Amino acid sequence: MSAHNEQHHGSGHDHGPNEQDVHDSLNHIVSPVVYIVVGTLLLIMTAVTCAVSYVDLGVFNAVVALFIACFKASIVVLFFMHVKYSSKLTKLTIFSGLFMFLVLISLTLSDYMTRAWGRW
């Protein structure tokens, strides 16, 4: 094997020594303490959701419950699905899906709210 081939292929990687390996971010090891803290936070937020359901907030009961649910879903996506440690492309994909979901919900709600426009 020549010196040129050994320089580029000797380590089994196709990049220089100062460049990051694409697979390095895929093997991020999370401490069990992080999972315990996140799991405890999710249990606390579940208790908060149950406690808030007994408080009469009028029309804001659903708003508060949905806010708490979105917070919990974000925590699950970030830590248990390892998006926090993923590449920018993965984060962009998740953001794009969330954005498309919000567009579809807003279109659905605008249609729903304007169906009985003259009958209020």
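A few remarks follow.
- Considering only residues in region 47-72 that are more than 18 Å from the chain's Cα centre (by Cα) and under 30 Å from TYR85 (Cβ atoms), the one that is surrounded by the fewest Cβ atoms within 10 Å (Cβ to Cβ) turns out to be ALA47.
- Contact annotation: residue pairs with Cβ atoms under 6 Å, 6 or more positions apart or on different chains, pairing a residue in region 77-102 that is touching a residue at least 40 places away in the same chain (Cβ under 8 Å) and among the small types (Gly, Ala, Ser) with a partner that is surrounded by 13 or more Cβ atoms within 10 Å (Cβ to Cβ) and assigned to a helix (DSSP H, G or I), are SER87/SER25.
- HIS8 being modelled with pLDDT under 55, in a loop (DSSP other than H, G, I, E, B) and surrounded by 10 or more Cβ atoms within 10 Å (Cβ to Cβ): no
- Restricting attention to region 73-86, the residues that are over 9 Å from the mean Cα position of the chain (by Cα) and on the phi > 0 side of the Ramachandran plot total 0.
- Among (1) out of contact with any helix residue (DSSP H, G or I) (no Cβ under 9 Å at 6 or more places or on another chain); (2) assigned to a helix (DSSP H, G or I) - the single one LYS84 does not satisfy: (1)
- Which listed residue, of VAL55, VAL64, VAL37, VAL76, is part of a loop (DSSP other than H, G, I, E, B) and not acidic (Asp, Glu): VAL55
- Residues of region 51-67 that are at pLDDT below 95 and under 25 Å from TYR35 (Cα atoms): ALA65, LEU66, PHE67.
- Residue ID - nearest to the chain's Cα centre (by Cα), chosen from residues in region 87-120 that are aromatic (Phe, Trp, Tyr) and in a helix (DSSP H, G or I): PHE95
- Residues (surrounded by 11 or more Cβ atoms within 10 Å (Cβ to Cβ) and either modelled with pLDDT of 95 or more or closer than 15 Å to ILE75 by Cβ (or both)) located in region 21-42: VAL30, VAL34, TYR35, VAL37, VAL38, GLY39, LEU41, LEU42
The values are calculated or read from the model by the stated rules, or taken from the named source; none is laboratory data. For clarity, every value in this text was computed on a predicted model and none was experimentally measured. With ideal geometry, Cβ positions are generated from the backbone for all residues, glycine too; neighbour counts draw on all protein chains shown.
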